[in-house]
1. Can you give me the number of residues within the stretch 166-197 that are polar (S, T, N, Q) and either touching a Leu at 6+ places or on another chain (Cβ under 6 Å) or within 16 Å of ligand 2 (Cβ to nearest atom) (or both)?
2. So Glu91 clears everything in (1) assigned to a helix (DSSP H, G or I); (2) under 30 Å from Arg362 (Cβ atoms) except one condition, right? Which one?
3. Answer yes or no as to whether Ala228 is in contact (Cβ under 8 Å) with a residue 40 or more places away in the chain, of a type in the set (Gly, Ala, Ser), more than 16 Å from ligand 2 (Cβ to nearest atom) and touching a helix residue (DSSP H, G or I) at 6+ places or on another chain (Cβ under 8 Å).
4. Could you check the stretch 55-93 and list, in sequence order, the residues that are without any contact (Cβ under 8 Å) to a residue 24 or more places away in the chain, surrounded by fewer than 19 Cβ atoms within 10 Å (Cβ to Cβ) and within 15 Å of Ser108 (Cβ to Cβ)?
5. Please go through the stretch 94-117 and give me each residue that is touching a strand residue (DSSP E or B) at 6+ places or on another chain (Cβ under 7 Å) and free of Cβ contacts under 8 Å to residues at least 24 places away in the same chain, ordered by number.
6. Failed condition for Ile239, given (1) away from ligand 1 (no atom under 16 Å from the Cβ); (2) of a type in the set (A, V, I, L, M, F, W, C); (3) under 30 Å from Arg78 (Cα atoms), with all others met?
7. What number of residues within the stretch 257-293 satisfy the criterion of being buried (at least 24 other Cβ atoms within 10 Å of the Cβ) and over 24 Å from Pro117 (Cα atoms)?
Amino acid sequence: QDNNGVSNSEGLRGHIAAQPDLLVHFGADLDVAEISEIGDGNLNFIFHVRTPKVQMAIKHAPSWSRISRGTRALTRDRLGFEARALRLFRELAPLHVPTVYTYDADASMLAMEFITPHEILRKGLMAGQEYPDFADHISTYLANCLFNTSDFALKPSDKRQLVAEFSRNVELCEITERLVFTDAFVGSDDNRWTRPQLDAAVVRIQSDPIVRMRVEQLKLDFLTRTDALLHGDLHTGSIMATSDETFVIDPEFAVFGPMGFDIGMMIGNLLLGFFILPAHGGSDAQRENILNTIETLWEGFVQKFATHWQKNRDGGVFAYANFAAPVLSGATDAFLHSYLARVLDDAVGYAAVEVVRRLIGRAHVPEFDAIKDDDLRARHEAQAFQFAYNLLRSEENINAIGQMTAQARAACTV
Ligand code: SR1
Ligand code: MG
């Protein structure tokens, strides 16, 4: 399926030639530029354009989703939200977000820095690659982007305008609402899982009123809270990394929501990698590394978020400059701690939801699907599933990240 003539290399070359802002990067070398389509996502096409002097990634969003091969319409506006979010996040976390060169709404093309030699984190983790600085990098990204788009940093009027702007990202939010929170927990013809091995587990979770209540609350929070601007789809396929650099890409699902959503998606995807690693030949030490990454990520987030908090005591919601000196000194620290406890509880819930929907919903993750032996895959799926199920039906809050990683360790019996 073609779209506007740019879903293939020659169409793209013609498009660049007609765009002065893009052509300036390539000049006469455009004629000899190598162009290849390198995307493997569900929605869009990504072209790598390369000359001896310049490399660029150009993303094209057709008016349908790639996964549907042209049969399911999807607004091209998604690329506009991605461009806007990338530019904002780049300002807040410059070491971890690529530069946008141009965004052309008419052609639905987004030209940006080509990140190399980084690879998709999901693939690296599956191959047993280690990323010693990843937790530090991603916690910086999360703390910077979440804190600085929240009421703790922004003037209420600026925040409301941003919220209004991103609340128009309706169609992609609908995908999340359905695929993340509804289909897997209520039932849908689009769901798929390893049959018959997981049949009983699917019936059990879909008929559990405690799980249903928790997931409904998490969904309602996603729909109604506007804590901070989220990436909205922060999984290990949305990250490009080497052992010493990390870039977050693909924020087309960006919208305001609970901070725990982004953190939980990230943790959920790391946990999926943890549970399937033995099937890829990963060692105990490599699995421990993933749990350690989750713990360091959360602890780094807390510490960096608290630093932002201390520096912004007179900003955003705490702009008390015009008020008399507070009688209760230290009260805001107590609020910080209770706020972060809520973020952790939310993150654990969203992580569990992500694990479940990636195992039995429509959009799976390749590290599980790559295991062709059904019984082997089902054994690891069942362990991850049971772990997530327990988290969702537990009446006790997780109040330290180590409690959650301990449960994961106990559930993964190899
Ligand atoms: C139809 S899109 C399915 C999934 O792919 C994206 O990466 C999101 O995770 C979405 O839920
Ligand atoms: Mg994506």
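1. Result for the stretch 166-197: 2.
2. Glu91 satisfies every listed condition except (2).
3. Spelling it out, Ala228 is indeed in contact (Cβ under 8 Å) with a residue 40 or more places away in the chain, of a type in the set (Gly, Ala, Ser), more than 16 Å from ligand 2 (Cβ to nearest atom) and touching a helix residue (DSSP H, G or I) at 6+ places or on another chain (Cβ under 8 Å).
4. Within the stretch 55-93, Ala73 is the sole residue that qualifies.
5. Those that are touching a strand residue (DSSP E or B) at 6+ places or on another chain (Cβ under 7 Å) and free of Cβ contacts under 8 Å to residues at least 24 places away in the same chain: Thr99, Val100.
6. In the conditions (1) away from ligand 1 (no atom under 16 Å from the Cβ); (2) of a type in the set (A, V, I, L, M, F, W, C); (3) under 30 Å from Arg78 (Cα atoms), Ile239 misses (1) alone.
7. Qualifying residue count for the region: 16.
Per-residue answers, yes or no, for (1) over 30 Å from Ser68 (Cα atoms); (2) away from ligand 1 (no atom under 16 Å from the Cβ); (3) surrounded by 21 or more Cβ atoms within 10 Å (Cβ to Cβ):
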{"site": "Leu340", "(1), (2), (3)": "yes, yes, no"}
{"site": "Leu344", "(1), (2), (3)": "yes, yes, yes"}
{"site": "Val353", "(1), (2), (3)": "no, no, yes"}
{"site": "Ile360", "(1), (2), (3)": "no, no, yes"}
{"site": "Asp374", "(1), (2), (3)": "no, yes, no"}
{"site": "Leu392", "(1), (2), (3)": "yes, yes, yes"}
{"site": "Met404", "(1), (2), (3)": "yes, yes, yes"}
{"site": "Gln407", "(1), (2), (3)": "yes, yes, no"}
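We did not get these values from a lab; they are worked out from the coordinates using the rules stated. It should be emphasised that the depicted structure is a prediction, and the values quoted were computed from it without experimental measurement. Here Cβ is always computed from backbone atoms with ideal geometry, including for glycine, and neighbour counts include all displayed protein chains.
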